[in-house]
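Remarks on the structure that follows.
No value in this document is a laboratory result; all are computed from the given coordinates. Remember, it's a predicted structure, so these values are computed and weren't measured experimentally. Quick reminder, even Gly has a Cβ in these numbers, built from the backbone with ideal geometry, and neighbours come from all protein chains shown.
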Amino acid sequence: MSGMTIVLVLKYISIIAALGIAFFIIAGCSAKVKLPTTEPDMTKVYLIKYSTWGHHSLAFYKDGSLTEFTYGDWELFALNKRDPWTAFKNMTFLTPGCMGRKSTAWNPGDTICDKFKNCEMAVSFFAPADKVLKLHNKLQNSYNANSETEYYNQKERVYFVKYDVPYWIFHNCNHELADWLELIGADVSGKVFYKPDFIGGMDPGQEPLQ
């Protein structure tokens, strides 16, 4: 083995070790979500938690329809390639991200989890209406701008498009969801990296929807 090869191997091992240390540091703190402060014009947003990897998504209600947006890795989420090698590779290196969108007929008071496969829990909370509208339009526009890449994941029953935000260990689905929550006025801190309990960490706490 040449000297250059040894150096590259050692560098790679150092990167993996650093990622492992970061994982344990980040995983040691509970997720905290300080909900938006009350303003005159507020509207409801829906946060959905899944049993798969503790994944979360945001959903918006309008005129009898609930539209969910979710973020992930193109291969892992859109193409359902969830073997250990793909998961390791796509967490270690920057890979193409994706956005999922699903709209379903629904009205407030109806059960949410029946509408979304592997849904474990859902809550609603209030956020400033102007910020919610801005985020909804941002996500909708991002999806439409990449509509030529649309792919239907039949197993998950969700449409996906490629998304401009790359995916990797330090910006996975949980980090993106935290960014979305902050765009509508929430303050997210603590554990975000792996299986964060955004719902359990809400302040004030919100009762799960039936």
For F77, F198, F126, order by how many other beta-carbon atoms lie within 10 Å, fewest first: F126, F198, F77
Would you mind calculating the gained length between Q140 and K34 on full extension (0.36 nm times residue separation, minus the Cα-Cα distance), in nm to one decimal? 35.6 nm
Angle between the Cα long axis of helix 173-183 and the longest principal axis of the chain, 0 to 90 degrees, nearest 10? 40 degrees
Dividing the alpha-carbon radius of gyration of the chain by 2.2 N^0.38 Å, where N counts its residues, gives 1.09
Tell me, T52, T149 in order of fewest to most beta-carbon neighbours within 10 Å? T52, T149
Among K32, K89, K44, determine the one that fluctuates most according to a GNM of the chain built with springs between C-alpha atoms less than 10 Å apart. K89
Averaged over all directions, how much area does the convex hull of the C-alpha atoms of region 125-194 cover when projected, in nm²? 5.9 nm²
With bins of 5 Å, the percent of all Cα-Cα pairs of region 44-147 per bin from 0 is 2, 11, 21, 22, 19, 14, 7, 3, 1
Take region 42-90, drop everything but the C-alpha atoms, weight them equally and run the Debye formula without solvent; then report log10 I(q)/I(0) at 0.16, 0.22, 0.27 Å⁻¹ to two decimals. -0.58, -0.84, -1.04
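Based on other C-beta atoms within 10 Å, arrange W53, W74 from fewest to most.
Values: W53 17, W74 22.
Result, fewest neighbours first: W53, W74.
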May I ask which of K62/K117; K44/K155; K81/K102; K49/K131; K155/K191; K49/K134 have a Cα-Cα span longer than 27 Å here? K44/K155; K155/K191
